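Comments concern the structure below.
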Amino acid sequence: MQKKWLAVALASALVCSASTAVLADEVKIGVVNTEVILRDSPAAQAASKKLESEFSKRDKEINAAGQRLKSDFERFEKNAPTMTDQERLRKQRDLQDRDRDFQRRQRELREDFNQRRNEELQKLLRQANTVIKNIAQREKYDLILQEAIYVNPKIDITDQVLKELK
């Protein structure tokens with residue numbers, strides 16, 4: 001958050017100083033929409049497919065276990081009035097244990113998925129930042145921002161970054 005404010009302040013100061021000091025020296029500014037890069041780049045789409053294949057088996061297993069647990073619970077609810085107290089208590093404990101295990105497995109899957117997704121996003125961001133720096137140096141940009149409230153399409157270089165990420 002501080003980096004964004006610092007970048008905005010720096011951009012404002014740079015634009016103000018450039019406009020008052022020397023109007024002939026034009027400041028070249030570009031903006032990249034990081035969200036688009038993380039969504040539309042070939043690397044992002046490949047990472048998404050990779051994560052899907054990596055976690056699909058576990059997800060299916062957990063969903064199947066959840067369906068079995070749900071049907072067993074419904075069966076228990078249906079048969080509970082005809083069970084003895086001891087039998088009902090034993091079955092209820094078993095269902096609670098299975099439910100705790102199911103929730104733990106779901107939580108672990110989410111945590112593992114989020115960790116891997118973050119690793120892939122960081123990798124993609126490093127690649128994108130390298131491309132952005134290359135563009136900035138090659139085309140002599142004074143400042144490139146990655147987030148902005150409003151962007152004039154003339155200074156948006158997101159499509160150029162996407163092309164070079166391929």
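What follows is calculated from the coordinates using simple rules that are stated; it is not laboratory data. Just so it is clear, the model here is predicted, and its values are computed rather than measured. A quick note on method: Cβ atoms are made from the backbone with ideal geometry, for glycine too, and the neighbour counts reach across all protein chains shown.
Below is a table of values for the structure above.
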| quantity | calculated |
| --- | --- |
| Among the listed pairs LYS60/LYS123; LYS140/LYS163; LYS49/LYS166; LYS123/LYS163; LYS50/LYS154, those beyond 24 Å (Cα-Cα) | LYS60/LYS123; LYS50/LYS154 |
| Relative contact order (%) - region 2-165, alpha-carbon pairs under 8 angstrom, separation at least six | 50 |
| Extended-chain gain in nm, criterion 0.36 nm per residue less alpha-carbon gap, GLU52 and THR82 | 6.4 nm |
| Those GluC sites (Glu not before Pro) in region 78-148 that DSSP places in a loop and that have at most 11 other beta carbons within 10 Å | none |
| Chain lengthening between GLU139 and PHE113 when straightened (0.36 nm per residue, less Cα-Cα) | 5.5 nm |
| Packing-based exposure ordering (other Cβ within 10 Å, fewest first) of THR34, THR130, THR82, THR158 | THR82, THR130, THR34, THR158 |
